[in-house]
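Taking it in order: structure first as structure tokens, then the write-up.
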Amino acid sequence: MSERRFAAHGPSTVDAAPAARLAGVRVLRGGQALLDGLDLAVPGRGVLALMGPNGAGKSLTLRLLAGLVRPDAGRADWGGAATPPRPQVALVFQRPVMLRRSVRGTLAHALATYGVPRAARAERIAGLLRLGRLEALAERPARRLSGGEQQRLALVRALGAEPRLLLLDEPTASLDPEATAAIEALIRGATEAGTAVVLVTHDPGQARRLADRVAFLHRGRLAGEQPAESFFTAPAAPEARAYLDGRLLL
Ligand SMILES: Nc1ncnc2c1ncn2[C@@H]1O[C@H](COP(=O)(O)OP(=O)(O)OP(=O)(O)O)[C@@H](O)[C@H]1O
Ligand SMILES: [Mg+2]
């Protein structure tokens, strides 16, 4: 496929057709617009960081992109389709939900739900355990893992679907530097394999390390979207400038 380019950074990673698009999206709850007139195109390649203050609507935007929430007005589409192709769109929650199963059993269950043939599962599980550096923990109950280990498991569980679009909600919040580096390596590996990633993060350092572009949400609207390099040196939106300066956003 000629559009398949694996460079981690640079404009060549973002010229593929969008993996998903939100157009004029509005989400209402209790008479209040949580998202209002949100336009967002997720590039078909590379990492789009989604930043913005608490309550801006980042997690809700990920749920829309995963097809878990329907817009009350406006449109969401995935390469022209009105519903996300499953399991090619995968969402990893900030606090992943762990099943009452072992690490290996968790991955086996996930692969079964993705429709991977039984005969192919054992090898795929071994590959995912290796990828997540979880081999030594394979027989442990998933719920007993530490936060960082659970994040790694949640991420490789999602990668087991070989998603086209991977949606990550603060995947390293509250992790130590080593666990963070391990998660970031997994994300980089996924983008190099051609997966488009939307990464919600409050960590500008992480966005700098991983993102090709940054979209900044504020009060349920897109305040700005631009290449990562220029976002950090010259953020276009005043709200983004204030956020990066650590000024209070009201
Ligand atoms: N089902 C719901 N009913 C009512 N309000 C909701 C609902 N879901 C989300 N909200 C509100 O919508 C707003 C956006 O929520 P969201 O979780 O997307 O924020 P966020 O940008 O992810 O914030 P954070 O950085 O704190 O995770 C918040 O004010 C939240 O309270
Ligand atoms: Mg959130």
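The values are calculated or read from the model by the stated rules, or taken from the named source; none is laboratory data. As the structure is a computational prediction, the values presented were derived from the model and not from experiment. Note: ideal-geometry Cβ built from the backbone for every residue, glycine included; neighbour counts use all protein chains shown.
Would you be able to say whether some residue in the stretch 79-86 is without any contact (Cβ under 8 Å) to a residue 12 or more places away in the chain and aliphatic (A, V, I, L, M)? Scanning the stretch 79-86, I find at least one residue that is without any contact (Cβ under 8 Å) to a residue 12 or more places away in the chain and aliphatic (A, V, I, L, M), so the answer is yes.
Checking each residue in the stretch 170-190 for being β-branched (Val, Ile, Thr) and in a loop (DSSP other than H, G, I, E, B) picks out only 172.
Among the residues making up the stretch 42-98, those that are within 13 Å of ligand 1 (Cβ to nearest atom) and basic (Lys, Arg) are 58, 63, 70, 95.
Inside the stretch 141-157, residues that are within 16 Å of residue 126 (Cα to Cα) and outside any helix (DSSP H, G or I) make up a count of 0. Yes or no: residue 49 at pLDDT 95 or above, in contact with a His (Cβ under 7 Å, 6 or more places away or on another chain) and either part of a loop (DSSP other than H, G, I, E, B) or of a type in the set (Gly, Ala, Ser) (or both)? Criteria not met by residue 49. Scanning the stretch 208-229 turns up no residue that is hydrophobic (A, V, I, L, M, F, W, C), in contact (Cβ under 8 Å) with a residue 24 or more places away in the chain and closer than 17 Å to residue 95 by Cβ.
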